[in-house]
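The next block holds one structure in the form of structure tokens; read it before the comments.
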Amino acid sequence: MKRIYRFLAVGLLLVVLGTGYFFINLTIFDRTFIQLNASQKLSYIPFKEGVNMQCDKVNDSVPKLTGSRFHLITWNVHKGQDKGWQEDLARLSNQADFVLLQEATQHQNLSVFSTALFVSSFSFKDLLSGVKTFTQTQPEWYCGGGVAEPLIQIPKVVSMMSFPLEKGDSLLLINVHLINFEWGISAYQAQLEQIFSFVENHQGPIIMSGDFNAWNEDRLNLVNNLMKKYGLDSVALSQDERVRFLGYPLDYIFTRGVKVVSATSEVVTSSDHNPLLMEFELE
């Protein structure tokens, strides 16, 4: 019996020490860190700031998104902790027009893209983590924000970018990483409602993709009901290799005003998630 108590005491001590080490090296930002890097230096000014969301719009004009057919990649890269992520990211993004990463860090960079938007709310041992979106054109406006996980208080973040189109409206591109560590769905719902406050006022095509952490029926029903309410459709994958938890896929692509030409996923060992690939046309 003494051995059991000793074992439990040692285990509890290790948990306490591990938790202490984690939080000593953890920094949660008072204000969401948002960084737009672009080859063309345009002036952006704040235009909207609400609860947990900051937005900037261009002070000049940006080139309109030309063409009609595009390739998009969305992938949770697990902070680049797994061997081979550099090679897989370079290969997957080789023909892409848009690359949306979750659990990205400042070290996930793609020099072939002219624009990158990075949104983060925390760092661990000085390593920032969040969502990162690579594009070939600059947005007319962009936003970023986060909602804190109820249990661990580390925010999950989302980014949005709007690109003007030749026909007069705009493409809204949303990169999401939703709340995970919550038994209920109150914080999860709050983050989704934050996102859809932008969706409901947008008139053009929309692509929303990323890690939805929809790992139970309540979460998935909430996501599907909101998508249905605002006219977004879930993209079906010809080869569905998405990572699942409790039987539910975690990663999704939803679209509105977009014709999906092809969509698939691919098994990799360079992350704990598999990437999703889509070719689409703007209607």
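FYI, it's all coordinate maths here, none of it is from the lab. Small disclaimer: the values here were computed from a predicted structure and weren't measured. Here the Cβ is made from the backbone with ideal geometry for all residues, glycine too, and neighbour counts use every protein chain on show.
General remarks:
- Relative to the current alpha-carbon distance between I28 and Y248, full extension at 0.36 nm per residue lengthens the span by 76.3 nm.
- If you wrap the Cα atoms of region 163-255 in a convex hull and average its projected area over all directions, you get 6.5 nm².
- Eligible aspartates and glutamates near K79 by straight Cα distance, threshold 12 Å, same-chain separation 8 or greater: E103, D272
- Percent of beta bridges antiparallel (DSSP, the chain, rounded to nearest 5): 85
- Euclidean distance of C-alpha centroids, region 80-116 and region 202-216, integer Å: 20
- Only helices enter this figure: runs of n ≥ 4 DSSP H residues, each worth -39500 (n - 2.57), summed and divided by the residues of the chain, yield -6500 deg cm²/dmol at 222 nm to the nearest 500.
- Remark: for residue pairs K48/K156; K57/K132; K48/K259, the C-alpha separation exceeds 25 Å in K48/K259.
- Entry note: region 28-282 has Rg to Rh equal to 0.92, where both radii use alpha-carbon atoms and Rh is the Kirkwood radius.
- Residue separation of S61 and D218 scaled by 0.36 nm, minus their Cα-Cα distance, works out to 52.3 nm of gained length.
- Between the alpha-carbon centres of region 155-194 and region 27-59 there is a gap of 15 Å.
- With neighbours defined as other Cβ atoms within 10 Å of a residue's Cβ, the residues W75, W85, W215 order from fewest to most as W215, W85, W75.
- Using alpha carbons only, the radius of gyration of region 80-161 set against its Kirkwood radius gives Rg/Rh = 0.98.
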